[in-house]
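In what follows, a structure is listed as structure tokens, so that the remarks can point back to it.
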Amino acid sequence: MKKILCLILILVSIFTLAACSREEGEAPVGMKNAAGKANDFYLYVPDEWIVNTSDTDLMASARVSENDSSNVTMIGYADSENEYKDIDSYWNYYSSELENRIFDKVKDSETGEEKSSFTLINDGENILVNEKAAKKYEYTGKVAGLDLSYMQIIIKKDNVFYIFTYTSTPELYSKHDTELEMILNFIEFK
């Protein structure tokens with residue numbers, strides 16, 4: 001276990017040093033950009049991941065492989081009418097939409113009534129994403145009968161809410177922690 005932790009620390013250090021010597025918009029060593037020209041950010045993912053984004057897409061996305069559909073997406077939502085004063089107020093609206101419109105309904109084991117399968121695990125942990133303040137939310141739910149686990153990070157820059165989402169099956173959810181840490185460390189805004 002100590003050897004694995006040392007290897008992870010060495011890899012993160014190498015990627016961090018490589019990031020210091022590169023130009024804005026230049027992918028770190030071992031990574032590639034998943035964001036298209038229409039995006040006002042760069043989303044770098046490991047070279048072996050499959051990028052699903054075209055230059056005209058507003059959402060950047062990539063998945064781990066043909067055999068592992070764990071994926072990341074990132075999109076910016078411009079709050080041009082200033083409806084949401086901060087990340088918390090945006091999340092309150094967004095989580096309500098998730099609960100009421102996106103996730104499958106399931107029968108409550110105690111009451112027998114139908115309720116949303118949306119279950120909040122982590123309700124807004126304060127974190128930094130490449131030195132920018134952000135909030136991390138984790139939740140689970142069923143979509144089209146499939147159990148899924150999510151990590152969502154929301155960053156507010158000016159009047160834009162950037163939503164980074166990692167989606168996976170519960171079995172694979174923790175498998176990509178190292179890659180996710182690197183991806184989050186290298187998110188850049190244009």
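The values are calculated or read from the model by the stated rules, or taken from the named source; none is laboratory data. Quantities reported herein were computed from a predicted structural model and do not represent experimental measurements. Don't worry about glycine lacking a Cβ; one is built from the backbone with ideal geometry, like all the others, and counts go over all protein chains shown. The protein model used for the area step is the full one, side chains on, heavy atoms only, and it has no ligands, DNA or RNA in it. Shrake-Rupley method; radii C 1.70, N 1.55, O 1.52, S 1.80 Å.
Scanning region 34-56 for residues that are closer than 17 Å to K190 by Cβ and open to solvent by less than 60 Å² (accessible area, probe 1.4 Å) turns up A34, A35, G36, A38, N39, F41, Y42, L43, Y44, T53.
Tell me, yes or no, whether region 156-177 has at least one residue that is surrounded by 19 or more Cβ atoms within 10 Å (Cβ to Cβ) and not in a strand (DSSP E or B). So far as region 156-177 goes, yes, one or more of its residues are surrounded by 19 or more Cβ atoms within 10 Å (Cβ to Cβ) and not in a strand (DSSP E or B).
The residue pairs whose first member lies in region 132-144 and is more than 21 Å from L180 (Cα to Cα), whose second member is small (G, A, S), and whose beta carbons are closer than 9 Å, counting only pairs six or more residues apart or on different chains, are K142/S117; V143/S117. Any residue at all in region 103-122 that's open to solvent by less than 20 Å² (accessible area, probe 1.4 Å) and in a loop (DSSP other than H, G, I, E, B)? The answer is yes; a qualifying residue exists. Here D88 fulfils each of the conditions (1) free of Cβ contacts under 8 Å to residues at least 24 places away in the same chain; (2) in contact with a strand residue (DSSP E or B) (Cβ under 7 Å, 6 or more places away or on another chain); (3) among the charged types (D, E, K, R); (4) not in a strand (DSSP E or B) apart from (1).
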